[in-house]
1. So ALA58 passes all but one of these: (1) surrounded by 18 or more Cβ atoms within 10 Å (Cβ to Cβ); (2) at pLDDT 95 or above; (3) small (Gly, Ala, Ser). Which condition number does it fail?
2. Scan (1) among the basic types (Lys, Arg); (2) over 21 Å from VAL185 (Cα atoms); (3) in contact (Cβ under 8 Å) with a residue 12 or more places away in the chain for the single condition LYS107 breaks and write down its number.
3. Has the range 143-151 got any residue that is under 13 Å from ALA247 (Cβ atoms) and among the aliphatic types (A, V, I, L, M)?
4. Scanning for something surrounded by 14 or more Cβ atoms within 10 Å (Cβ to Cβ), in contact with a Gly (Cβ under 6 Å, 6 or more places away or on another chain) and assigned to a helix (DSSP H, G or I), does the range 156-179 turn up at least one residue?
5. Which residues, counting only those in the range 35-48, are surrounded by fewer than 19 Cβ atoms within 10 Å (Cβ to Cβ) and farther than 11 Å from VAL63 by Cα?
6. What tally of residues in the range 143-189 results from selecting those that are modelled with pLDDT under 90 and touching a strand residue (DSSP E or B) at 6+ places or on another chain (Cβ under 7 Å)?
7. Does the range 98-117 contain any residue that is among the small types (Gly, Ala, Ser), over 22 Å from ALA61 (Cβ atoms), modelled with pLDDT of 90 or more and within 13 Å of the chain's Cα centre (by Cα)?
8. Output the qualifying pairs, or none if there are none: Cβ atoms under 9 angstrom, residues six or more apart or on different chains, first residue in the range 26-52 and more than 21 Å from GLY149 (Cβ to Cβ) and acidic (Asp, Glu), second residue at pLDDT 85 or above and not in a helix (DSSP H, G or I).
Amino acid sequence: MDKERREKTVRAQDAEADGIIEGRNAVIEALRAGATIDKIFIQKGETDKTLGHIASTARAAGVVVVDADKRKLDFMSRTHAHQGVIALTSVREYVSVEDILNIAREKGEKPLIVVCDEISDPHNLGAIIRTAECAGAHGVVIPKRRSAGLTSVVAKTSAGAVSYVPVARVPNIPALLEQLQKEGVWVFGTAAEGACDLYSADLKGPAAIVIGSEGDGMTRLVREKCDFLVSIPMKGSISSLNASAAAAILLYEAVRQRLGQ
C-alpha cells in the first residue's frame, strides 16, 4: 500500500471513530448492519441511483435524510472522498420516553426530565447532558430534526455523561409534552418573559424542563404546550444566558427544592 492510500485509510478510520461515515459503499454497509445513524447528508441535485437507494433505505429505517450542497459535504468530510454522502452515527443507542419514566419509578423518585427544543449546537447539548447527569435527572429528550444527536462531539463535551444519562429521540416535541402531561408530569418552559420567576416555581413534583435554542428560544407550538413559563432573574446588561447555562440553573433549583422536602 503506497503512502497516499495509507493516509486515506487512516483518515477514514479517524472519521469513523468520530462518528462520521463517508462514501457510498460505507454508508450502505452501515445501513445494512443496523448501525444507529442520526442523519445522512446527501448531495443536493445528485441523480445517481446509488444515492437514491441510500436515501430510500435510510428513510424506510426512520433515519433523517438531509439534502446538502457540495460545499457543506466538503466541509464535513474528513477523507475528502465523500462521494456525495456522509452519515453521522450515534455513540450509543437511544431509549424510549417510557424507559425514562420507568427509571424514575424504579428509583421511587418523581420524574425530572430535560427536553431540548431544537438545540443544534453539539457543545450545548453535551453540556446539558453533563449537567443532567450531575443533577440526577432521569433522562434527556431531543427531537429527530433540527437538533444535534448523540455524536462523538456531544459525547466528548458531556465528559462521558452520555454513558449514564438515557437520551430519547422523538419525532414531535409538542406531542411528547402531551404524553408527559398524561403521565402526570408538569411541563416548565423557559422564557425571558415568563409568567413567574424561577424561584417562585414549584419543581418538587414530576417535572419536565424545556430548554429552547439559543437563537430563538422555544418554538411556538412547544411554548403553547407548557404548563408554566418561568424566567431566570437577570441583573446584568446582557438579557440572556446560553442554553446549557440556563439548563444548569433550572436543574439545580429543582435539586435544591427536592433536597428540602
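The values are calculated or read from the model by the stated rules, or taken from the named source; none is laboratory data. Keep in mind that this is a model prediction, so the values were computed, not measured. Don't worry about glycine lacking a Cβ; one is built from the backbone with ideal geometry, like all the others, and counts go over all protein chains shown.
1. Here ALA58 clears every test but (2).
2. Only one criterion in (1) among the basic types (Lys, Arg); (2) over 21 Å from VAL185 (Cα atoms); (3) in contact (Cβ under 8 Å) with a residue 12 or more places away in the chain is unmet by LYS107, namely (2).
3. No, every residue in the range 143-151 fails to be under 13 Å from ALA247 (Cβ atoms) and among the aliphatic types (A, V, I, L, M).
4. Within the range 156-179, one or more residues are surrounded by 14 or more Cβ atoms within 10 Å (Cβ to Cβ), in contact with a Gly (Cβ under 6 Å, 6 or more places away or on another chain) and assigned to a helix (DSSP H, G or I).
5. Selection gives LYS44, GLY45, GLU46, THR47, ASP48.
6. 6
7. No: zero hits.
8. Short answer, once both residue conditions are applied: GLU46/GLY84; GLU46/VAL85; ASP48/GLN83; ASP48/GLY84.
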